[in-house]
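What follows is a single structure, written as structure tokens, with notes after it.
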Number of protein chains: 2
Amino acid sequence: MDKNFNNELVGACIFGQSGGPTSVINASAYGVIKTALEAKCITKVYGAAHGIKGVLDDILYDMGEEEDYELKLLLNTPASELGSCRYKIADPDVDDTDYKRILEIFKKYDVRYFFYNGGNDSMDTCNKISRYMEKVGYECRVMGVPKTIDNDLFGTDHCPGFGSAAKFIATSCMEIGKDTDVYDTEMVTVVEIMGRHAGWLTASAALATEFGDGCGPDLIYLPERDFDLYKFTEDVAQVLKQKHNVLIAVSEGLHYADGTFVSEAKTSGTDGFGHAQLGGLATRLADYIKARLNVKKVRGIELSLLQRSAAHIASVVDIDEAFNAGKVAVESAIAGETGKMVAFERDDSSGLYKCNYTLLSLSSVANYEKKVPLEWITDDGNYVTSDFINYVLPLIQGEPKIPKANSLPRYARLKKVRAKAAE
Amino acid sequence: MDKNFNNELVGACIFGQSGGPTSVINASAYGVIKTALEAKCITKVYGAAHGIKGVLDDILYDMGEEEDYELKLLLNTPASELGSCRYKIADPDVDDTDYKRILEIFKKYDVRYFFYNGGNDSMDTCNKISRYMEKVGYECRVMGVPKTIDNDLFGTDHCPGFGSAAKFIATSCMEIGKDTDVYDTEMVTVVEIMGRHAGWLTASAALATEFGDGCGPDLIYLPERDFDLYKFTEDVAQVLKQKHNVLIAVSEGLHYADGTFVSEAKTSGTDGFGHAQLGGLATRLADYIKARLNVKKVRGIELSLLQRSAAHIASVVDIDEAFNAGKVAVESAIAGETGKMVAFERDDSSGLYKCNYTLLSLSSVANYEKKVPLEWITDDGNYVTSDFINYVLPLIQGEPKIPKANSLPRYARLKKVRAKAAE
């Protein structure tokens, strides 16, 4: 391969998006694409359709064919604009079919830079590709760009996507808190929040209570602690003694001590849910409280997909950091780095929040999950401490200026011109 | 009672909120309270706690005690800040207990103006109080201020609250549309939207498709047409032939030809839902499609309470009109009107949308429901026509400047000082 006068590796790059979308994953895409298009040593910028699947299927888009204006709209466009996948790549020592194909495509398009944007599994994919290319002696810089609303990526202070989801959750919980408090009758509302194994998002609901004049959840349950239905019922009864309207935030990943998810637990006599097995977790718990505590009105609410797609209320800090994660990945690769993931380091030494960008070895982050520290959960397990609030508050800051047409969001409209192979 | 030099009726006023909240019902409250506080002939402005219940229980707040700044925040505060109720008042000819009590309170506080903000039932309450006061010869101007996200109030082009809910629904459907389109596998998503008897809100989901580059529902089902499960399945199969990702908007009030709500229909052989009776309507229909059409991935999403409480994405047109509805009610009452509801008349004779404020007799609006005209639903019953789009588009316009603290909404914080009786 070639190096230019600056001793930079010369060749094309491929960028791919993987895993579940976030409100700002396209901001990272813009960070990668813009920086790569501006880099002299990067000859072509390709976007892979549906992540690594687009590489395997040879469906690549030539990003140089897009209009600048449309590309910039990626900053406020939710979901994965190039398409995503949940493709589990094999261990190259067991089956290297996919890797041979990837190498073939890399050679076909003279690809010397590969940027992959995703969560735990995607960093694993990225790591395996990096090791394979090294093993076969094909020089290619491989960099991971983090994303996940779940905030469970290891080695980084937080993840792009989390701040915006946390902001949507806090705002929605404040609005729900207001709405459920209008009648003077007893009411218990349970809100179910995403996070199968880590409670970061559910914990963020506390922002509504802390900064909304109490207008948020009274009780918060995270999957970091085993769920106890008796204790839960007692907690609710306790709050009902003080106020008639109780709001509860629960993580979808709540589980009993034996590991069974509360949402999936079977009926089992007095310990379980009786016959109230309808609906999701929120409805289940709400119905249980209704039966047990004889509460007049209960409600179960699922915040659902909107948690990861409500770009209209994204955090500017999150958008900026997502963009920078992509930018730093490209810049670092050009500077010679490979096999790394961009990570965030919090620097509040000045008293103000600041995010520094660092690099971590992909092998050190892949497949680990970062959970909410137990000491950030109150002793009685039903709320979070001020340490958590101080952690999350800087991440939701800033109101994005959303490009609109007809008072509705105007998302990026890419041409997606299929790439031609290098000559 | 007294008249002043302008021959205006002099006395106190009571304002109350009733029925389900909307994102902008407090904007109407501000319209009433601000205008009344500024009116010379209105000696005191009282807010009733939980609507008519606050009058019956003698729990009134003195609005003159509030800070201007906090009152103004009502423009962007969701839910019913004074509290609401769903109290069904008796027919005065059958039981006049409540009316006697209301008269007693009106006399105690020298109330000569009564403003009531609500939907169909509340206009009925308003009408009955008006007729009773007339009958017993107590001079009191009674005015209704409309509100309902359902948009089903009779005699008005549209209702305050509808435009903001429509905007949240359209934006969310666009975001969901983006999110569900990221994988290259077959997926059917059903979104359940509020509206038990009228499909105005569900129909608004079409805005996402029309203005989001197709990024919205492919199929829309309103309660104005009987639901046919076979036809529905065929419709979905038809769309699946053209694209792998199908988004469907359904009204919570969908019902079969015999009137049974689809969400409540019992298992009944091949016509019904088999054993898939879990969850709400969206999940039910999604599970049915999965079983019938063998679709790999399905999803049911309920937009839930956020439809009426997402003030952060309200329509400025809606906020302004809600404020004006309150203002016009007070001004009209001072000018001598009574027994009327403020209504909206659309004037697009200039080619631009304009809203004129008119008055309707309360007895003509109470208890009627306005539905989506059948000619605004396509012949095959699974989408809306451009007439509907032209109707709804002007109502969602304008981005509100939401007062924030810590990047979260800053809602009004009223002191709610209990009123003292007139001397």
field: Other-chain or far-sequence residues with amide H under 5 Å of residue B:359's (modelled H)
entry: B:343
message: Between 0 and 90 degrees, rounded to the nearest ten: what's the tilt of helix B:120-136 against the longest Cα principal axis of chain B?
response: 20 degrees
message: Placing the label point 7 Å from Cα along the Cα-to-Cβ direction, what are the distances from residue B:347 to the equivalent spots in the other copies, shortest first, in nm to one decimal?
response: 6.1
task: Compute log10 of I(q)/I(0) for the range B:125-225 with the Debye formula, placing one identical point scatterer on every Cα and leaving out solvent, at q = 0.18 Å⁻¹, to two decimals.
output: -0.86
query: Put simply, what bits of the range B:167-211 lose 50 Å² or more of accessible area when the other protein chains are there, versus the chain on its own (1.4 Å probe)?
result: B:174, B:175, B:178, B:179, B:182, B:183, B:184, B:211
message: Using the Karplus curve 6.51 cos²θ - 1.76 cosθ + 1.60 with θ = phi - 60°, what ³J(HN,Hα) values do you get for each residue of the range A:171-184, in whole Hz, with x for Gly and Pro?
response: 5, 5, 5, 5, 5, 5, x, 4, 5, 7, 9, 7, 9, 9
- request: For residue A:337, put the label point 7 Å out on the Cα→Cβ axis and report which residues of the range A:133-149 keep their amide N under 14 Å from it.
  value: A:141-146
- request: State, as an integer percentage, the relative contact order of the range B:159-228 based on alpha-carbon contacts under 8 Å between residues 6 or more apart.
  value: 35 percent
- request: Just grab the label-to-label distance for residue A:368 and residue B:69, each label 7 Å out from Cα along the Cβ direction, in nm (one decimal).
  value: 4.7 nm
- prompt: Between B:404, B:53, B:100, which gets the highest mean-square fluctuation from a Gaussian network model of chain B, Cα cutoff 10 Å?
  reply: B:404
- request: Give the span of chain B's Cα atoms along each principal axis, as three whole-Å numbers ordered largest to smallest.
  value: 74, 49, 42
statement: In whole angstrom, the spacing between the Cα centers of the range A:356-378 and the range B:185-223 equals 39 Å
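Per residue, how big is the convex hull around the C-alpha atoms of the protein assembly as shown? Give it to me in cubic angstrom, could you?
185 Å³
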- prompt: Using a label point 7 angstrom from Cα along Cα-to-C-beta, what distances in nm, from shortest up, separate residue A:95 from the other copies?
  reply: 7.2
Order of exposure, largest accessible area first, which applies to A:256, A:411 with probe 1.4 Å: A:256, A:411
query: When each copy gets a label point 7 Å from Cα toward the beta-carbon at residue B:406, what are the spacings between them in nm, shortest first?
result: 3.8
For the range B:107-118, 3J(HN,Hα) per residue [Karplus equation, 6.51 cos²θ - 1.76 cosθ + 1.60, θ = phi - 60°, Hz, x = Gly/Pro]: 5, 4, 9, 6, 7, 10, 9, 10, 10, 10, 10, x
- prompt: In 10 Å bins starting at 0, how do the alpha-carbon pair distances of the range B:44-101 split up by percent?
  reply: 21, 42, 25, 11, 1
message: Modelling each spin label as a point 7 Å along the Cα-to-Cβ direction, I'd like the residue A:185/residue B:352 distance in nm, to one decimal.
response: 4.6 nm
message: With only alpha-carbon pairs counted, each pair once and no self-pairs, how large is the Kirkwood hydrodynamic radius of the range A:35-77 in angstroms?
response: 11.5 Å
statement: Distance in nm between residue B:260 and residue B:138 label points, each 7 Å along Cα→Cβ, equals 4.9 nm
- prompt: How big is the range B:1-111 by the Kirkwood estimate over distinct Cα pairs, in Å?
  reply: 14.9 Å
- prompt: Based on Cβ point charges of +1 for Lys and Arg and -1 for Asp and Glu, what charge dipole magnitude is obtained for the range B:215-357 about its Cα centre, in debye rounded to the nearest 20?
  reply: 800 debye
query: Hey, got the average number of other protein chain Cβ atoms within 10 angstrom for residues in B:297-310?
result: 5
- prompt: How much of residue B:386 can a 1.4 Å solvent probe reach, expressed as accessible area in Å² and rounded to 10?
  reply: 80 Å²
- line: Rounded to the nearest 10, the angle in degrees between the Cα long axis of helix B:25-38 and the longest principal axis of the Cα atoms of chain B comes to 20 degrees
query: Just for the Cα atoms in the range A:88-168, what are the lengths along the principal axes, largest first, rounded to whole Å?
result: 43, 26, 18
Charge dipole magnitude, Cβ of K and R +1, D and E -1 - the range A:376-423, Cα centre, debye nearest 20: 1000 debye
- request: For residue A:301, list long-range residues whose amide hydrogen, built 1.01 Å from N in the peptide plane, is under 5 Å from its own amide hydrogen.
  value: A:190, A:191, A:192
statement: Rounded to the nearest 10 degrees, the helix B:316-334 long axis (Cα) sits at an angle to the longest Cα principal axis of chain B of 30 degrees
task: Might you work out the accessible area of residue A:200 for me, using a 1.4 Å probe with all protein chains in place, and round it to the nearest 10 Å²?
output: 10 Å²
- line: Over all directions, the range A:308-423 yields a Cα convex hull whose mean projected area in nm² is 12.6 nm²
query: Once phi is turned into ³J(HN,Hα) by the Karplus curve 6.51 cos²θ - 1.76 cosθ + 1.60 with θ = phi - 60°, what whole-Hz value does each residue of the range B:253-263 show in order, with x for glycine and proline?
result: x, 3, 9, 6, 4, 7, x, 5, 5, 4, 5
Projected area, mean over directions - the range B:286-336, Cα convex hull, nm²: 6.4 nm²
task: List nothing, just return the count: lysine pairs in the range A:1-118, 8 or more apart or interchain, with Cα separation under 12 Å.
output: 4
field: Highest-fluctuation residue, B:168, B:261, B:115 considered, GNM on chain B with Cα pairs under 10 Å
entry: B:261
field: Relative contact order %, chain A, counting alpha carbon pairs below 8 Å whose residues are six or more apart
entry: 23 percent
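The values are calculated or read from the model by the stated rules, or taken from the named source; none is laboratory data. Being a predicted model, the structure only gives us computed values, none of them experimental. Backbone-built Cβ (ideal geometry, glycine too); neighbour counts: all protein chains shown. Protein only, heavy atoms only, side chains kept; ligands, DNA and RNA dropped before computing areas. Shrake-Rupley method; radii C 1.70, N 1.55, O 1.52, S 1.80 Å.
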